[in-house]
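Here is the structure we will look at, set down as structure tokens.
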Amino acid sequence: MRQFFIYSLLFFISYSLSAQYKEVADTEKQVIIQKITQAAAEMKTMKCDFVQTKELSFMNDNVVSEGKMFYKSSNKIRWEYVKPYQYVFSMDGENVNISSGDKTNKIPLKASKIFSEISRVMIGGISGSGLVDSKDFTSRLMAGTADYKIILTPLKKEIKDMFSEIQLFVNKSNSRVKSVIMVEKSGDKTTVDLKNIQVNTAINDEIFSN
């Protein structure tokens, strides 16, 4: 009786987890993707807080970081880590700027295919545009109760060398990305949850250049 109860409980848990998201039909998929790309086009700026969780195979505990993110159309983005350390990764459309303490490195995007692809993935992960509608990925789209889950598998070598899979979680209510999961080839996983999101507010261009 006890074994039956345990097996029944495990079955219920596994069924519940699998039932959280259901694959959508191809016709519905195209409508959803159009809504996401339209919401991305209408979003000229965004700023928010974020929590980043890294699951590393060589560590027992996850590495959790917190910070602020700023985005502006025309390929500008800034990740400003404030906990547990201070670190800035920003792109102004032409250069990648990496700052830690008093040291800042500037890398032209045109000179680095890797940073150019990282730029596209990061901006696409925030806005949804350029990833969900890109021929560089195959995609699966599943519907949950309050959000959509989009699983993107890269086809382009530069992206495949970094990530085996990128997952976007998109609010049904506004068709905007609320969290991103990036799975590396090694199996290590980075989850970014966006919080306190503000859209189309004024953002000074200077913050993307330092």
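Among what's in the range 118-133 and is open to solvent by 20 Å² or more (accessible area, probe 1.4 Å) and out of contact with any helix residue (DSSP H, G or I) (no Cβ under 7 Å at 6 or more places or on another chain), pick the residue that is nearest to K22 (Cα to Cα). Among those residues, the one meeting the criterion is M122. Taking the range 32-47 as the range and being open to solvent by less than 20 Å² (accessible area, probe 1.4 Å) and among the polar types (S, T, N, Q) as the test, only T45 passes. Which is farther than 24 Å from V183 by Cβ, buried (at least 16 other Cβ atoms within 10 Å of the Cβ) and modelled with pLDDT of 90 or more, of F70, F50? Among F70, F50, only F70 is farther than 24 Å from V183 by Cβ, buried (at least 16 other Cβ atoms within 10 Å of the Cβ) and modelled with pLDDT of 90 or more. In the range 160-178, the residues that are closer than 16 Å to L194 by Cα reach residues that are open to solvent by 40 Å² or more (accessible area, probe 1.4 Å) and small (G, A, S) with C-beta atoms within less than 9 angstrom, at least six apart or across chains, in these pairs: N171/A146; K172/A146; S173/A146. Q167 meets all of the listed conditions (1) farther than 21 Å from M43 by Cβ; (2) crowded, with 16+ Cβ neighbours inside 10 Å but one, namely (1). I need the full set of residues from the range 100-114 which are of a type in the set (A, V, I, L, M, F, W, C) and either at pLDDT 85 or above or touching a Ser or Thr at 6+ places or on another chain (Cβ under 9 Å) (or both), in order please. Residues satisfying the conditions are I107, L109. Considering the conditions (1) at pLDDT 95 or above; (2) assigned to a helix (DSSP H, G or I), E28 is excluded by exactly one of them, (1).
Do we have T145 as among the β-branched types (V, I, T), open to solvent by 40 Å² or more (accessible area, probe 1.4 Å) and either more than 17 Å from V121 (Cβ to Cβ) or at pLDDT below 90 (or both) here? Yes: the conditions hold for T145. Listed by position, the strands (runs of 3 or more DSSP E) enclosed by the range 74-154 that each have at least 1 residues that are more than 14 Å from F208 (Cα to Cα) are 76-83, 95-100, 103-108, 137-143, 147-154. Among the residues of the range 37-64, the ones that are in contact with an Asp or Glu (Cβ under 7 Å, 6 or more places away or on another chain) and part of a helix (DSSP H, G or I) come to 1 in all.
From the list L194, L152, the one residue that fits, being farther than 22 Å from V88 by Cα and buried (at least 18 other Cβ atoms within 10 Å of the Cβ), is L152.
Whenever a residue of the range 72-93 is over 19 Å from P108 (Cβ atoms), its partners that are surrounded by fewer than 17 Cβ atoms within 10 Å (Cβ to Cβ) and at pLDDT below 90, lying with C-beta atoms within less than 7 angstrom and at least six residues away or across chains, give the pairs Y87/S100. Does E55 satisfy the criteria of being touching a Lys or Arg at 6+ places or on another chain (Cβ under 8 Å) and at pLDDT 95 or above? Against the criterion (touching a Lys or Arg at 6+ places or on another chain (Cβ under 8 Å) and at pLDDT 95 or above), E55 does not qualify.
The values are calculated or read from the model by the stated rules, or taken from the named source; none is laboratory data. Worth saying up front: this structure is predicted, and the values here are computed from it rather than measured. Glycine also receives a Cβ, built like all others from the backbone with ideal geometry; neighbour counts cover every protein chain displayed. These accessible areas exclude ligands, DNA and RNA; they are computed on the full protein's heavy atoms, side chains included. Shrake-Rupley method; radii C 1.70, N 1.55, O 1.52, S 1.80 Å.
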